[in-house]
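Engineer: A single structure is presented below for examination.
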Amino acid sequence: MKDILLRAVEPQDIDVIYTWENDEDIWETSETHKPFSRYMLEQYIISEQNSDIHSLKQQRLMIDTEIDGSVVTVGCADVFDYNLFHRRAGIGILIDKKYRGRGLATATIGKLCDYCWRYLHLHSLYANIAVDNISSIRAFEKNGFLLIGTKNDWVYDGEGFHDEYMFQKILKKKNVEIEKQNIV
């Protein structure tokens, strides 16, 4: 498994976030419909640094890993729709195009699940994935996410409607199984 570091967003991340948020190829997935200004993203970073997930109901983490002897920011992970009472949230990840196909998404999802269990004390996570995003589906399935439904004609891409899957993982079950293994 790849060694992944999830870290807070820093001001020096502005350039890479600006590039990702303004990439029209991912707008359908991120439900973005217009470009983000550098100023808007700078304000977002400031709000992230001065708030926590309990007040914003969302959190972005940057994904770092070592490549060719250097630590590189390869993507970001979002925890959204955070619900403290029900102890659940949605998650999504973005791996920069030039780093895809290296197992980073699978490793990141595993690390993100651990983070959500240990530090946010969440019980359940979900992810919405386009039915044709096979690599994302595989990465979530490898981390124990189960397909729980299909949202028919859910996403409009300007030309037509497309289905979207919803995957879910109950975090407690995994950790209970690990605790049982450690007792034996």
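FYI, it's all coordinate maths here, none of it is from the lab. Given the structure is predicted, the values throughout are model-derived calculations rather than measurements. All Cβ positions, glycine included, derive from the backbone under ideal geometry; neighbour counts span all protein chains shown.
Engineer: Could you please report the charge total around residue 148, scoring K, R as +1 and D, E as -1 over all other residues with beta-carbon less than 13 angstrom from its beta-carbon?
Structural biologist: After counting each charged neighbour, the total is +1.
Engineer: Something else: In whole Hz and in residue order, list the ³J(HN,Hα) couplings for the stretch 63-78 that follow from phi through the Karplus curve 6.51 cos²θ - 1.76 cosθ + 1.60, θ = phi - 60°; x for Gly and Pro.
Structural biologist: 10, 10, 8, 8, 10, 6, x, 10, 7, 10, 7, 9, x, 9, 10, 10
Engineer: Which entries in the list 57/172; 57/111; 2/172; 98/142; 111/151; 111/142 go over 18 Å, if you measure between the two C-alpha atoms of each?
Structural biologist: 57/172; 57/111; 2/172; 98/142; 111/151
Engineer: May I pose another question? Could you give the length gained by full extension between residue 151 and residue 42, i.e. 0.36 nm per residue of separation minus their alpha carbon distance, to one decimal place?
Structural biologist: Stretched fully, the residue 151-residue 42 segment lengthens by 35.8 nm.
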